[in-house]
Amino acid sequence: MSIVAFIGLGNMGLPMAKNLLGAGHTVRGFDLSGEVRAACTEAGGIACAAVTEAVEGADVVITMLPSGAIVKSVYGEVFTAAKAGALFIDSSTIDVATAREVASEAADKGFTMVDAPVSGGVGGAAAGTLAFMVGGTEEAFKSAEPILDPMGAKIVHCGQSGNGQAAKACNNMLLAISMIGVSEAFNLGRSLGLDDQTFFDVASNASGQCWSLTSYCPVPGPVETSPANNDYNPGFATALMLKDLRLAMEAAGSTGANTPLGKLSEEIYTAMNDAGNGGVDFSGVIKHLSGDL
Ligand code: NAD
């Protein structure tokens with residue numbers, strides 16, 4: 001069992017840390033919020049007063065933070081306090097360039113680092129069923145895998161450093177585009193007098209079939225677990241989808257990849273967010289498009 005420093009114990013980090021504790025690891029937690037540090041102690045972890053205090057003597061450092069700028073600044077502190085040979089796992093969703101920059105600095109200082117962003121949300125974090133997309137060397141992936149195991153159901157090595165973030169950005173861009181596509185199809189069908197369930201029965205068995213339709217259907221009725229059946233409570237909030245789309249568009253800008261539908265999706269989710277609907281599930285875009293939200 002390892003000593004794990006866990007930095008960033010928010011909606012995702014705390015339940016992930018609880019699963020590490022459940023697997024028998026020692027967790028030394030730090031978060032800027034005192035309330036969160038108290039919750040860490042309550043869960044059986046050791047709450048620390050600073051990043052450096054949490055990291056001293058730890059075998060593994062896991063970060064689950066809001067942005068690339070924060071990740072970069074926290075690793076500035078991690079580098080000064082970590083023991084030789086420590087493994088760093090950044091599970092935050094951040095831009096590919098920062099992920100590669102921080103990992104390269106870690107390697108220069110003799111540390112092993114992977115980027116390991118997740119999908120599965122707060123429910124997956126609590127259940128220990130997250131999907132981890134991991135970027136780093138084969139050796140780094142092998143070291144990270146057993147640590148990630150109690151927190152995840154699926155752990156995929158995506159290639160070199162930064163490729164975990166790349167996979168996440170590409171997947172969520174595709175998800176945004178497909179959700180808008182499914183929503184447009186339902187809205188057009190309704191305008192033509194087509195019943196939602198009838199269209200679902202056709203498309204879910206035809207070439208329009210996709211996850212946004214069959215697992216996360218944006219209209220109430222066909223898929224019991226869809227947020228559409230729960231007044232579009234998230235789920236996956238529009239503000240979080242927009243964060244991921246912006247990272248994808250930043251990445252597309254840096255490589256020159258042509259992503260016109262990604263760009264349009266970002267514009268649509270920006271409008272939905274700016275209209276005060278950032279807390280609405282992203283499948284609520286169907287109502288935004290029809291002018292009902
Ligand atoms: P959150 O805001 O609930 O948690 C972030 C935590 O980091 C907060 O508790 C905050 O106090 C802490 N923090 C901020 N700056 C810090 C610093 N300098 N030092 C220590 N602690 C600091 O966010 P979250 O929902 O837990 O998301 C964390 C990451 O996971 C984000 O990158 C997000 O995009 C990603 N993510 C979230 C979800 C989700 O459904 N919430 C799903 C997948 C990925």
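The values are calculated or read from the model by the stated rules, or taken from the named source; none is laboratory data. Since this is a predicted model, take the numbers as computed values, not measurements. Because the Cβ atoms are built from the backbone with ideal geometry, glycine has one as well, and the counts that use them run over all protein chains shown. Surface areas here come from the heavy atoms of the whole protein model, side chains and all, with no ligands, DNA or RNA. Shrake-Rupley method; radii C 1.70, N 1.55, O 1.52, S 1.80 Å.
Of all residues in the range 1-29 being among the small types (G, A, S) and surrounded by fewer than 22 Cβ atoms within 10 Å (Cβ to Cβ), which is nearest to the ligand (Cβ to nearest atom)? Result: G10.
Quick one: would you say M173 is of a type outside the set (S, T, Y), within 22 Å of N11 (Cα to Cα) and in contact with a helix residue (DSSP H, G or I) (Cβ under 6 Å, 6 or more places away or on another chain)? Considered against the rule, which asks whether it is of a type outside the set (S, T, Y), within 22 Å of N11 (Cα to Cα) and in contact with a helix residue (DSSP H, G or I) (Cβ under 6 Å, 6 or more places away or on another chain), M173 comes out as no.
Can you spot a residue in the range 30-39 that is in a helix (DSSP H, G or I), open to solvent by 50 Å² or more (accessible area, probe 1.4 Å), within 14 Å of the ligand (Cβ to nearest atom) and in contact with a Phe, Trp or Tyr (Cβ under 8 Å, 6 or more places away or on another chain)? Yes: the range 30-39 contains one or more residues that are in a helix (DSSP H, G or I), open to solvent by 50 Å² or more (accessible area, probe 1.4 Å), within 14 Å of the ligand (Cβ to nearest atom) and in contact with a Phe, Trp or Tyr (Cβ under 8 Å, 6 or more places away or on another chain).
For T93, the criteria (1) more than 13 Å from the ligand (Cβ to nearest atom); (2) of a type in the set (V, I, T); (3) under 27 Å from T225 (Cβ atoms) hold in every case but one, which is (1). Residue by residue through the range 224-250, note down the ones that are of a type outside the set (S, T, Y), open to solvent by 70 Å² or more (accessible area, probe 1.4 Å) and assigned to a loop (DSSP other than H, G, I, E, B). Across the range 224-250, the qualifying residues are E224, D231, N233. A single entry from F111, F79, F132, F88 fulfils the requirement of being closer than 27 Å to D281 by Cα and either of a type in the set (F, W, Y) or open to solvent by 60 Å² or more (accessible area, probe 1.4 Å) (or both): F132. Every condition in (1) over 14 Å from the mean Cα position of the chain (by Cα); (2) hydrophobic (A, V, I, L, M, F, W, C); (3) modelled with pLDDT under 95 is met by A47 except one, and the failing one is (3). Identification of helices (runs of 4 or more DSSP H) wholly contained in the range 113-223 with 3 or more residues that are at pLDDT 95 or above and among the hydroxyl-bearing types (S, T, Y) yields 163-191. Please work out which residue is farthest from A140 (Cα to Cα), limiting yourself to the range 63-107 and to residues that are among the basic types (K, R) and in a helix (DSSP H, G or I). Step by step, filter the range 63-107, then rank; the result is K72.
When T80 is tested against (1) away from the ligand (no atom under 12 Å from the Cβ); (2) among the hydroxyl-bearing types (S, T, Y); (3) closer than 30 Å to M173 by Cβ, just one condition goes unmet, and that condition is (3). If the condition is being of a type in the set (A, V, I, L, M, F, W, C) and touching a residue at least 12 places away in the same chain (Cβ under 8 Å), then the range 191-207 contributes F199, F200, A203. Looking only at residues in the range 268-283 that are part of a helix (DSSP H, G or I) and under 19 Å from the mean Cα position of the chain (by Cα), the one that is surrounded by the most Cβ atoms within 10 Å (Cβ to Cβ) is F282. Looking across the range 50-61, the residues that are part of a helix (DSSP H, G or I), crowded, with 19+ Cβ neighbours inside 10 Å and either away from the ligand (no atom under 14 Å from the Cβ) or over 23 Å from the mean Cα position of the chain (by Cα) (or both) come down to A54, V55. Per the conditions (1) touching a strand residue (DSSP E or B) at 6+ places or on another chain (Cβ under 7 Å); (2) open to solvent by 50 Å² or more (accessible area, probe 1.4 Å), the sole criterion not satisfied by S104 is (1).
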